[in-house]
Amino acid sequence: MLRVYDAQDRLIAQFPATTGSDHDPLPLGKWMIRTIAFMPTYHYNPDLFWDADSSDQKAQLSEGPNNPVGVVWIDLNKPHYGIHGTPEPTLIGRSQSHGCIRLSNWDAARLAQMLRADTPAEFVA
């Protein structure tokens with residue numbers, strides 16, 4: 001579950017989420033939101049995925065709700081990690097990720113509207 005708190009530490013929103021896996025666990029700790037990109041182009045780099053096929057090559061996938069990060073990418077100050085949407089909302093909470101936090105596209109878009117650069121993000125178990 002991803003929870004959002006206001007400046008007075010009051011819970012103001014929560015969203016079902018997929019958070020990491022045994023192979024790529026959620027990076028616990030304190031992070032910061034760097035940037036927020038709506039309708040991002042997805043840059044696939046097989047070197048970053050332990051389960052990539054050896055024949056895979058780098059690729060760019062067009063923006064849109066069906067690319068692997070959905071309609072928004074919320075970039076963290078931990079390289080290659082972020083909070084993002086997904087083209088498969090039925091798998092939220094039922095599947096694993098490569099360490100990122102995955103939300104439905106509509107929840108990721110709502111969250112992005114609540115944040116700005118330099119917003120703190122804390123990941124706890």
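The values are calculated or read from the model by the stated rules, or taken from the named source; none is laboratory data. This one's a predicted model, so the numbers in the text were calculated from it and none came from an experiment. Here the Cβ positions follow ideal geometry from the backbone for every residue, glycine too, while neighbour counts run over all protein chains shown. Note: areas computed on protein heavy atoms with side chains; ligands, DNA, RNA excluded. Shrake-Rupley method; radii C 1.70, N 1.55, O 1.52, S 1.80 Å.
Data overview
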quantity: Other-chain or far-sequence residues with amide H under 5 Å of V71's (modelled H); calculated: G85, T86
quantity: Integer Hz, Karplus 6.51/-1.76/1.60 couplings in order for the stretch 27-37, x for Gly and Pro; calculated: x, 4, x, 9, 10, 10, 6, 8, 8, 10, 10
quantity: Karplus-derived HN-Hα couplings along the stretch 70-80 (A = 6.51, B = -1.76, C = 1.60, θ = phi - 60°), whole Hz, x at Gly and Pro; calculated: x, 8, 8, 10, 9, 7, 9, 7, 9, x, 6
quantity: The chain - percent of accessible surface contributed by carbon and sulfur, probe 1.4 Å; calculated: 50
quantity: Part-to-part distance (alpha-carbon centres) for the stretch 1-22 and the stretch 32-64, which is given in Å; calculated: 24
quantity: Spin-label pair D47/N66, simplified geometry with 7 Å Cα→Cβ offset, distance in nm; calculated: 3.0
quantity: Relative contact order (%) - criterion: Cα under 8 Å, at least six apart; region: the stretch 1-91; calculated: 22
quantity: For the stretch 41-103, alpha-carbon Rg and Dmax in angstrom; calculated: 11.8, 30
quantity: Spin-label model distance (nm) - V124 vs K58, 7 Å beyond Cα toward Cβ; calculated: 3.9
quantity: Point-charge dipole on Cβ atoms (K/R +1, D/E -1) for the chain, about Cα centre, debye to 20; calculated: 400
quantity: Ratio Rg/Rh [Cα only; Rh per Kirkwood] for the chain; calculated: 0.95
quantity: Placed amide H near M32: partners under 5 Å, 5+ positions off or other chain; calculated: N77, K78, A121
quantity: Where trypsin sites (Lys or Arg not before Pro) in DSSP loops with at most 10 other Cβ within 10 Å are excluded, longest remaining stretch of the chain; calculated: 11-57
quantity: Rounded to 5, the percent of DSSP beta bridges in the chain classed as antiparallel; calculated: 90
quantity: Tilt relative to the chain, helix 105-114 - C-alpha long axis, 0 to 90 degrees, to 10; calculated: 50
